[in-house]
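Encoded as structure tokens, the structure appears first; notes follow it.
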Amino acid sequence: MATVLIKLFQVLQGDCISIECFDESRDQAACIFIDAGFVRTYFRTLRPEVLSINDSQKPIDLFVVTHTDSDHISGILPFLKEFGHLPVKQFWFNWSPNPVRLSESNGEISIKEGIILRDFLIGEGKASGNNILAGQAYEVNGVALTILSPDEEQFEGFTKKWHKEETRLSEKSGSDIGTGQGRNDHESINDLSNQKFAEDKSLSNRSSMAFLLEFNGFTGLFTGDSVPSVIIASLEKLGYSQEKKLKLDFMKVAHHGSKANTSDELLQMLDCAHYGISSNSQNTHNFPHKETLARIVKAREGSTVNFHFNYDDPVLRNIFTSQELADHNITCHYPAQRENQIQYTWNQ
């Protein structure tokens, strides 16, 4: 029997994900982490999970840091300070080769943390020999990983920002979203799904890693904060289209459910019933956006859709009306009481 266990930890409007792929026939498990959340969320999320793995004497096969936004990278610093000696077999992190110091006026894009992580990986001999880019394929302890984002153009655009000592970045993470807007959860799925899509322009998000994970019949899409145009181009090169959809068992929705990172065109290329949402509801961007969830629901019209929220609060409990849940075959899943994560388990 094969099992895939995915945990989306509560790191505010950030990402910290663990994936365990267990093959009973080999009595072997692959352990992969994606991102580390914030420094202030480290001690109640990533740290206890790593301690549990350490107690069981299992290695971490791969630690992916998708990009340099603080809600993804900041927690890696206390992790390295406490567990830098542990056997993380591989780190994936795309970095600029030249140390620079950028203005820290934008607290969301953490080039400083990127420099610290890069220098640690180089010092430990664990830095990737090449950047991890779309089109590449890897095998990690029996798990197949196909990179969908970033492509060379997106990452080169970001490294130019990294290279330049600018006083401020020209855009913030999610800058296309008005942070002062109120939530629009009162609007219907039908109305929201018809809104015109405008893609995220943030170079940081456009540099985010995203990949397909395949293991013994399981296929998952882990998107980081990537943008759909890059994912679409990569999937088309793999032979997928609206007519030949990619069958997924699980998809982590990009950029915490931002309306600027999941398009109708991408969703029409996918056949997926389970979607993970990694965000609280109390954040300046008002993630997750109901507009994104509405697009997913409409793309699944006539089929069931499951949303796996890693937080449980009144806002998320009421993002859909009871009538919408019934009419559109929606099931919402929330963490168990006193848990700091939502879990999704797949068995074959």
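The values are calculated or read from the model by the stated rules, or taken from the named source; none is laboratory data. Keep in mind that this is a model prediction, so the values were computed, not measured. Cβ coordinates were reconstructed from backbone atoms using ideal geometry, including for glycine residues, and neighbour counts include every protein chain displayed.
Determine which member of the set 248, 203, 293 is closer than 25 Å to residue 330 by Cβ and touching a helix residue (DSSP H, G or I) at 6+ places or on another chain (Cβ under 8 Å). Lay out the reasoning, then the answer.
Values: 248 fails: touching a helix residue (DSSP H, G or I) at 6+ places or on another chain (Cβ under 8 Å); 203 fails: closer than 25 Å to residue 330 by Cβ.
Residue meeting the stated conditions: 293.
Scan segment 45-96 residue by residue and report those that are assigned to a strand (DSSP E or B) and closer than 15 Å to residue 17 by Cα. First the steps, then the outcome.
In the first step, residues of segment 45-96 are kept if they are assigned to a strand (DSSP E or B); the result is 60, 62-64, 69, 88, 91-92.
Result: 60, 62, 63, 64, 91, 92.
Being part of a helix (DSSP H, G or I) and either among the β-branched types (Val, Ile, Thr) or modelled with pLDDT of 95 or more (or both) narrows it down to one of 235, 212, so name that one. Step through it out loud before you land on a result.
Details: 212 fails: part of a helix (DSSP H, G or I).
Only one candidate qualifies: 235.
Restricting attention to segment 97-122, and to residues there that are among the hydrophobic types (A, V, I, L, M, F, W, C) and modelled with pLDDT under 50, which single residue is surrounded by the most Cβ atoms within 10 Å (Cβ to Cβ)? I'd like the intermediate steps shown before the answer.
First, pick out the residues of segment 97-122 that are among the hydrophobic types (A, V, I, L, M, F, W, C): 100, 102, 109, 111, 115-117, 120-122.
Imposing the further condition that a residue be modelled with pLDDT under 50 reduces the set to 100, 102.
On the way: 100: 13, 102: 21.
The residue in question is 102.
Inside segment 123-153, can you point out the residues that are modelled with pLDDT under 85 and either touching a Phe, Trp or Tyr at 6+ places or on another chain (Cβ under 9 Å) or crowded, with 18+ Cβ neighbours inside 10 Å (or both)? Full working, then the answer.
Just the residues of segment 123-153 that are modelled with pLDDT under 85, to begin with: 123-130.
Within segment 123-153, 124, 126, 127, 128 meet the criteria.
Hey, can you tell me all the residues within segment 286-326 that are charged (D, E, K, R), surrounded by 14 or more Cβ atoms within 10 Å (Cβ to Cβ) and either touching a Ser or Thr at 6+ places or on another chain (Cβ under 7 Å) or free of Cβ contacts under 8 Å to residues at least 24 places away in the same chain (or both)?
Our first condition is that a residue be charged (D, E, K, R); within segment 286-326, this holds for 290-291, 295, 298, 300-301, 312-313, 317, 324.
When the remaining residues are screened for being surrounded by 14 or more Cβ atoms within 10 Å (Cβ to Cβ), the result is 290-291, 295, 298, 300, 312, 324.
Selection gives 295, 298, 312.
Within segment 47-54, is there a residue that is within 20 Å of the chain's Cα centre (by Cα) and under 15 Å from residue 116 (Cβ atoms)?
We begin by selecting, within segment 47-54, every residue within 20 Å of the chain's Cα centre (by Cα); these are 47, 49-50.
Now drop any that are not under 15 Å from residue 116 (Cβ atoms), which leaves none.
Within segment 47-54, none of the residues are within 20 Å of the chain's Cα centre (by Cα) and under 15 Å from residue 116 (Cβ atoms).
Taking into account only those residues within segment 84-93 that are in contact with a helix residue (DSSP H, G or I) (Cβ under 9 Å, 6 or more places away or on another chain) and at pLDDT 90 or above, which is nearest to residue 142 (Cα to Cα)? Give the derivation first.
Of segment 84-93, the ones in contact with a helix residue (DSSP H, G or I) (Cβ under 9 Å, 6 or more places away or on another chain) are 84, 86, 91, 93.
Within this subset, residues satisfying the condition of being at pLDDT 90 or above are 91, 93.
Working: 91: 17, 93: 21 Å.
Among those residues, the one meeting the criterion is 91.
Which members of segment 16-34 meet the condition of being in a loop (DSSP other than H, G, I, E, B) and either over 22 Å from the mean Cα position of the chain (by Cα) or aliphatic (A, V, I, L, M) (or both)? Write out each step before concluding.
If we filter segment 16-34 for residues that are in a loop (DSSP other than H, G, I, E, B), which is where we start, we get 16, 24-27.
The answer is 24, 25, 26, 27.
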